[in-house]
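Take a look at the structure below.
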Amino acid sequence: MSPRRTVALVTLGCARNEVDSEELAGRLEADGWELVLDAADADVAVVNTCGFVEAAKKDSVDALLEANDLKGHGRTQAVVAVGCMAERYGKELAEALPEADAVLGFDDYADITDRLQTILSGGKHTSHVPRDRRKLLPLSPVERQAAAEGGAVALPGHGEETPIEDLPIEDLPEGLAPVSGPRMLRRRLDDSPVASVKLASGCDRRCSFCAIPAFRGSFLSRRPSDVLNEARWLAEQGVREIMLVSENNTSYGKDLGDIRLLETLLPELAAIEGLERVRVSYLQPAEMRPGLIDALTATPGVVPYFDLSFQHSAADVLRRMRRFGDTDRFLALLDQIRAKAPEAGARSNFIVGFPGETEADLAELERFLTHARLDAIGVFGYSDEDGTEAADYDGKLPEDVVAERLARISRLAEEMTAQRAEERIGSTVTVLVESIDEDAEENDGDGSVIGRAEHQAPETDGITSLTGELDGVKVGDLLVAKVVASEGVDLIAEVLGTAAGVGA
C-alpha cells in the first residue's frame, strides 16, 4: 500500500467491543495500515458502535457525526461504522445516517482492509440487511463448534482465517499476536496493565428486554487453548490483570461438553507467568454453582469478584423479564459467597420502571439493595428496545414515573455503595497501580497514584487513591495498602509495601 494509509479506531460500549477493536487493529496493521490514536490524523476513522440501549446508541451516532465533521478540515477522508449498532441496523442505519461512508457488519471484519480501500477509492459497499444471528448456528450447543469452525458464521475474536495464518509468531509485525492459534491477530491499542479476554460470544438466554442475542448470536465458547494462548501473549506484553468477558461467562463450556470448564480453566490462567490477577465478569445468578463459587473465592490469583446480573429482585418483575430468582434467593447467594470470602466484591445492574412494575415491586428491590451490601450498582430506567418481547408488553409506565423511580433507586444505590465503601475502612487491600500523575509535585496522597483493589473492576466500580511511601512506584505494580478513608465508592489507602514484600 503506497503511500501508507492511516486508520483510527474509536471504540464505544463494553469491554467486548474493546477486544473486537483490537482484533480489527491487528488485521489492519498486518495488512500495512498505520494505526493512529486521533481520528483527525487518520485517512479513515472506524467507529466501533454500541447498540445496547438508547443512550449508548446516541453516543455512537454522536461519535460518527463528530468524526464526520473532520472531513474536509484535515486528513480524514472517510468515516465507517462497525460494531453492534452497525450489525443490528445495517442498511437502515446507513440510510438514516448518510454521514457514515459505510456501515459494516461482523461478516465484513475478515475483509476489513478490502472494505476500507474500496471506500477510500470512492467506491461503495452495500450495507447488510440485518438478520437474526441466533439462527446461523445449530440449536444444540454441542453442534455449534463444528459449524462455527466450518465458517458458518462470522464471530469476532474466534479465529477466522486470515492471510497470514501460516506465518510463525516471531515473523508477525511488532505488537500483533495470535488470538486463536496462528489464525487471528490482536493489536493492543493502549499500554494499560489490564486487558480483557473474550471467553465466548453470544447468548442463549431470552430475557424479554434484551436484543443482544439477535445481533450477537447464539452462545459459543472459545476453546481453552485459544484463551490461554491469548492470555500468555498479553502477559508478555506487560498485562498484569486479565478480565474474562462475554455475554454470559457462567455458560462457558456448555457447547464444548463441559459446563464446569471455567472452573478448570481459571487455575491455568492464574498460573501464567506475569499475570497477577484474573477477573471474571458477566455472571448469571441463576447459573451460579457451588464449584464456580469455590473457584472464584479460593483459586490463588483469581480475584473474589462477582459481577452478578440481578436486573431486579421482585419475583413478578423477574418472571416478566424471563429471569429467575427473588430477593431472598439473591441474598442467600451473596451470603454463600461471603461465607467463603468475606471481602469479596459484588456488583450488579438493575432496571426500574419495567412494564407492570408496581410500588410493591419497587419496595422489594429497595429491600434487596438495602441488605445486599453491593460495592457498585448500575441503575437504568426501562425503555423499549426494537425487536424485544417486552416492547409489546402491556402495563407500560409513563415516562415521568420511570424517571422518578430511576432517581429514587439511584439515590438509594449511591447511599448503599458509599456505605459499603465505608465498611472497608481499616481493611487491607491489594491494589494494582493503573496511573501516575507525573506532573504532581510529589506523591503525598493528592490522588497522583491511582489503582484498583480486588473488588474494583476497570471503569465501573470505583478507584483507590494511594498515599504514603510511593517513591519508585510504577504502573503495573501490585501494592498492599490499608484503607484509611472513602469518598463515595472510591477508597483512599495508605501503602504498606509490595504484594510480595508484605508478610514475607
> Does residue 466 satisfy being farther than 24 Å from residue 365 by Cα, free of Cβ contacts under 8 Å to residues at least 40 places away in the same chain, surrounded by 19 or more Cβ atoms within 10 Å (Cβ to Cβ) and out of contact with any Leu (no Cβ under 6 Å at 6 or more places or on another chain)?
Replying inline: yes
> Does residue 264 satisfy the criteria of being β-branched (Val, Ile, Thr) and in contact with a Pro (Cβ under 7 Å, 6 or more places away or on another chain)?
Replying inline: no
> Among (1) open to solvent by less than 20 Å² (accessible area, probe 1.4 Å); (2) under 23 Å from residue 16 (Cβ atoms); (3) of a type in the set (Ser, Thr, Tyr), where does residue 76 come up short?
Replying inline: (2)
> Residues of segment 34-61 being surrounded by fewer than 15 Cβ atoms within 10 Å (Cβ to Cβ) and farther than 22 Å from residue 189 by Cα, which ones?
Replying inline: 54, 55, 58
> Within segment 41-59, which residues are over 23 Å from residue 384 (Cα atoms), in contact with a Lys or Arg (Cβ under 7 Å, 6 or more places away or on another chain) and either touching a residue at least 40 places away in the same chain (Cβ under 8 Å) or assigned to a helix (DSSP H, G or I) (or both)?
Replying inline: 41, 43
> If you check 133, 75, which single one turns out to be at pLDDT 85 or above and under 30 Å from residue 228 (Cβ atoms)?
Replying inline: 133
> Tell me, which strands (runs of 3 or more DSSP E) wholly within segment 402-504 include 3 or more residues that are at pLDDT 95 or above and of a type outside the set (S, T, N, Q)?
Replying inline: 428-436, 449-452, 478-487, 490-498
> How many residues are open to solvent by less than 10 Å² (accessible area, probe 1.4 Å), under 20 Å from residue 187 (Cβ atoms) and of a type in the set (Gly, Ala, Ser) when one looks only at segment 197-236?
Replying inline: 2
> If we scan segment 239-258, do we find a residue that is open to solvent by 10 Å² or more (accessible area, probe 1.4 Å) and free of Cβ contacts under 8 Å to residues at least 24 places away in the same chain?
Replying inline: yes
> Just one of the numbered conditions (1) within 18 Å of residue 68 (Cα to Cα); (2) surrounded by 12 or more Cβ atoms within 10 Å (Cβ to Cβ); (3) among the polar types (S, T, N, Q) is not true of residue 121; which one?
Replying inline: (2)
>> Give all pairs with beta carbons closer than 6 Å in which a residue from segment 346-364 that is within 25 Å of residue 418 (Cβ to Cβ) meets a residue that is open to solvent by 20 Å² or more (accessible area, probe 1.4 Å) and aromatic (Phe, Trp, Tyr); count only pairs at least 6 apart in sequence or on separate chains.
In response: 351/380; 351/382; 353/382
> Among the numbered criteria (1) within 19 Å of residue 254 (Cα to Cα); (2) surrounded by 21 or more Cβ atoms within 10 Å (Cβ to Cβ), which single criterion is violated by residue 290?
Replying inline: (2)
> Do we find that residue 323 is within 15 Å of residue 243 (Cα to Cα) and either polar (S, T, N, Q) or touching a Phe, Trp or Tyr at 6+ places or on another chain (Cβ under 9 Å) (or both) in this structure?
Replying inline: no
> Which one of the conditions (1) over 19 Å from residue 216 (Cβ atoms); (2) under 26 Å from the mean Cα position of the chain (by Cα) does residue 59 fail to meet, given that it meets all the rest?
Replying inline: (1)
>> Looking at 90, 105, can you tell me which residue is more than 22 Å from residue 26 (Cα to Cα), of a type outside the set (A, V, I, L, M) and open to solvent by less than 10 Å² (accessible area, probe 1.4 Å)?
In response: 90
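Matching residues to (1) in contact (Cβ under 8 Å) with a residue 12 or more places away in the chain; (2) surrounded by 18 or more Cβ atoms within 10 Å (Cβ to Cβ):
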| position | (1), (2) |
| --- | --- |
| 64 | yes, yes |
| 98 | no, no |
| 109 | yes, yes |
| 117 | yes, no |
| 127 | yes, yes |
| 131 | no, no |
| 142 | yes, no |
| 155 | yes, yes |
> Between residues in segment 285-297 that are closer than 16 Å to residue 335 by Cβ and residues that are small (Gly, Ala, Ser) and at pLDDT 95 or above, which pairs lie under 7 Å by C-beta distance while being six or more apart or on different chains?
Replying inline: 285/309; 285/325; 297/341; 297/344
>> Step by step: first the residues of segment 365-383, then only those that are touching a helix residue (DSSP H, G or I) at 6+ places or on another chain (Cβ under 7 Å) and touching a residue at least 60 places away in the same chain (Cβ under 8 Å), then the one that is surrounded by the fewest Cβ atoms within 10 Å (Cβ to Cβ). Which residue is that?
In response: 383
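The values are calculated or read from the model by the stated rules, or taken from the named source; none is laboratory data. Nothing here was measured: the structure is a model prediction, and the numbers come from that model. When we count neighbours, we look across all protein chains shown, and the Cβ atoms used for this are built from the backbone with ideal geometry, even at glycine. Ligands, DNA and RNA are excluded from the accessible area calculation, which covers all protein heavy atoms including side chains. Shrake-Rupley method; radii C 1.70, N 1.55, O 1.52, S 1.80 Å.
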